[in-house]
Every structure is written in C-alpha cells, then in structure tokens.
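This is the structure I want to talk about, given as structure tokens.
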Amino acid sequence: MKYDKNNIFAKILRGEIPCKKIYEDEFVLAFHDVNPQKKVHALVIPKGEYVNLDDFSSKGSEKEIVGLIKGIGIVAKKLGVSEVVNGKGYRSLVNVGENGGQEVPHLHFHIFGGEKIGKMVS
Ligand code: AMP
C-alpha cells in the first residue's frame with residue numbers, strides 16, 4: 001500500500017492547505033469537514049502516513065493507535081457531541097478503499113453529530 005504524499009490531508013498536515021482546526025496533538029489533527037453532511041461533521045486523522053485503516057492497523061505503533069482513538073474521544077468532547085457531554089452521542093465511521101467509498105487516501109475518522117444521524121448504511 002503506497003502512501004501518496006500529495007493527497008489533500010498530507011498537504012493539510014504540512015500546512016500547505018488551510019483547515020478549520022479543532023484539535024491537534026502529537027498523534028492527531030482534527031478539523032471540520034469542508035462539505036459537512038450533518039450539523040457537526042469533523043475529521044480526525046493520524047499524523048503518520050497511513051493510507052487507510054488496514055494500513056494503520058497493521059503498521060501503526062501501539063502509541064499511534066492509542067493516540068488516534070484517544071484523539072477521537074477528545075475531539076468528540078471538544079465538539080460537544082460526546083455522550084458524556086450532551087447525553088445524545090454521535091457517529092464515527094471510517095471508509096476504507098473503493099468499496100468503502102474512501103476518497104482521500106489518508107486514514108480519517110469521520111465524526112457526525114449535533115442531530116440524529118439516521119440509518120447506518122444507505
Ligand atoms: P472519504 O469519502 O471518507 O474519503 O471522505 C473524505 C472527506 O474529506 C469528505 O467528507 C470531504 O468533504 C472531506 N474533504 C475533502 N477535502 C477536504 C478539505 N480540504 N478540508 C476538509 N475536508 C475535506
């Protein structure tokens with residue numbers, strides 16, 4: 001699985017393209033989706049070069065994997081969609097590859113919230 005260093009999220013990570021940043025730490029960057037599908041639609045990406053969840057789960061270090069999952073929890077709280085914060089929760093999903101409908105080849109977790117998200121798969 002070859003990583004394309006010119007994908008749009010790699011450019012965001014390098015600061016070559018702006019984003020509406022929500023949170024950043026050693027392991028993750030989170031920002032608002034440019035084309036939100038719900039009232040709240042954010043993306044959480046690892047800082048490392050991983051094409052998708054298959055790539056990350058096989059090659060990511062334990063620190064990176066923990067860092068990403070922790071990052072998703074932190075971002076959900078910051079956005080006010082965490083069940084701990086609003087009692088209602090949110091949906092997080094990852095698209096992988098062609099069948100998954102993945103458009104950007106850098107692993108990203110979507111966070112949808114702020115309203116009922118609806119059917120799991122349409
Ligand atoms: P996926 O189909 O899972 O690969 O989702 C890619 C997501 O990235 C889509 O929801 C896009 O709207 C979003 N996206 C693409 N370019 C940008 C960008 N420059 N800033 C923020 N979100 C983006």
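Would you pick out the residues in the stretch 40-65 that are more than 21 Å from P18 (Cα to Cα) and among the charged types (D, E, K, R)?
The first filter runs over the stretch 40-65 and keeps only residues more than 21 Å from P18 (Cα to Cα), leaving 52-65.
D54, D55, K59, E62, K63, E64, listed by residue number.
Sticking with this structure for a sec: Does I45 qualify as being within 14 Å of the ligand (Cβ to nearest atom), free of Cβ contacts under 8 Å to residues at least 60 places away in the same chain, outside any helix (DSSP H, G or I) and closer than 23 Å to G113 by Cβ?
Details: within 14 Å of the ligand (Cβ to nearest atom): yes; free of Cβ contacts under 8 Å to residues at least 60 places away in the same chain: no; outside any helix (DSSP H, G or I): yes; closer than 23 Å to G113 by Cβ: yes.
No: the conditions fail for I45.
Follow-up question, since we're still on this one. Out of the residues in the stretch 6-32 that are out of contact with any helix residue (DSSP H, G or I) (no Cβ under 8 Å at 6 or more places or on another chain) and within 30 Å of K88 (Cβ to Cβ), state the one that is farthest from the ligand (Cβ to nearest atom).
E24
For the stretch 1-32, give me the residue count where each residue is of a type in the set (A, V, I, L, M), out of contact with any Pro (no Cβ under 9 Å at 6 or more places or on another chain) and in a strand (DSSP E or B).
Selection size over the stretch 1-32: 2.
Being surrounded by 15 or more Cβ atoms within 10 Å (Cβ to Cβ), away from the ligand (no atom under 11 Å from the Cβ) and either assigned to a loop (DSSP other than H, G, I, E, B) or not hydroxyl-bearing (S, T, Y) (or both) is the filter here, so list the residues in the stretch 90-110 that pass it.
Once the filter is applied, which keeps residues that are surrounded by 15 or more Cβ atoms within 10 Å (Cβ to Cβ), away from the ligand (no atom under 11 Å from the Cβ) and either assigned to a loop (DSSP other than H, G, I, E, B) or not hydroxyl-bearing (S, T, Y) (or both), the stretch 90-110 yields only Y90.
While we're on this one: Report, ordered by the first and then the second residue, all pairs with beta carbons closer than 8 Å, sequence separation of six or more or different chains, a first member in the stretch 85-112 that is touching a residue at least 60 places away in the same chain (Cβ under 8 Å), and a second member that is hydroxyl-bearing (S, T, Y) and within 12 Å of the ligand (Cβ to nearest atom).
F109/S92; H110/S92; I111/S92; F112/S92
Against the conditions (1) in contact with a His (Cβ under 6 Å, 6 or more places away or on another chain); (2) without any contact (Cβ under 8 Å) to a residue 60 or more places away in the chain; (3) not acidic (D, E), where does G60 fall short? Just the number, please.
(1)
Let me ask something additional. Taking the options G67, G87, G71, name whichever one is modelled with pLDDT under 95 and not β-branched (V, I, T). Break it down into steps so the answer makes sense when it comes.
Numbers: G67 fails: modelled with pLDDT under 95; G71 fails: modelled with pLDDT under 95.
Exactly one residue qualifies, and that residue is G87.
In this structure, does N35 turn out to be within 13 Å of the ligand (Cβ to nearest atom), in a loop (DSSP other than H, G, I, E, B) and buried (at least 17 other Cβ atoms within 10 Å of the Cβ)?
On the way: within 13 Å of the ligand (Cβ to nearest atom): yes; in a loop (DSSP other than H, G, I, E, B): yes; buried (at least 17 other Cβ atoms within 10 Å of the Cβ): no.
So N35 fails the test.
Does G71 fit the bill of being more than 14 Å from the ligand (Cβ to nearest atom), surrounded by 14 or more Cβ atoms within 10 Å (Cβ to Cβ), among the small types (G, A, S) and within 12 Å of H108 (Cβ to Cβ)?
Values: more than 14 Å from the ligand (Cβ to nearest atom): yes; surrounded by 14 or more Cβ atoms within 10 Å (Cβ to Cβ): yes; among the small types (G, A, S): yes; within 12 Å of H108 (Cβ to Cβ): yes.
Taking the combined requirement at face value, the residue satisfies it.
For the stretch 1-38, give me the residue count where each residue is of a type in the set (D, E, K, R) and free of Cβ contacts under 8 Å to residues at least 24 places away in the same chain. Before you say what the answer is, go through the steps one by one.
Initial filter on the stretch 1-38 (of a type in the set (D, E, K, R)): 2, 4-5, 11, 14, 16, 20-21, 24-26, 33, 38.
Pick out the ones that are also free of Cβ contacts under 8 Å to residues at least 24 places away in the same chain and you get 11, 14, 16, 20-21, 24.
Here the count works out to 6.
The values are calculated or read from the model by the stated rules, or taken from the named source; none is laboratory data. Quantities reported herein were computed from a predicted structural model and do not represent experimental measurements. Cβ sites come from the backbone with ideal geometry, for glycine too, and all protein chains shown count toward neighbours.
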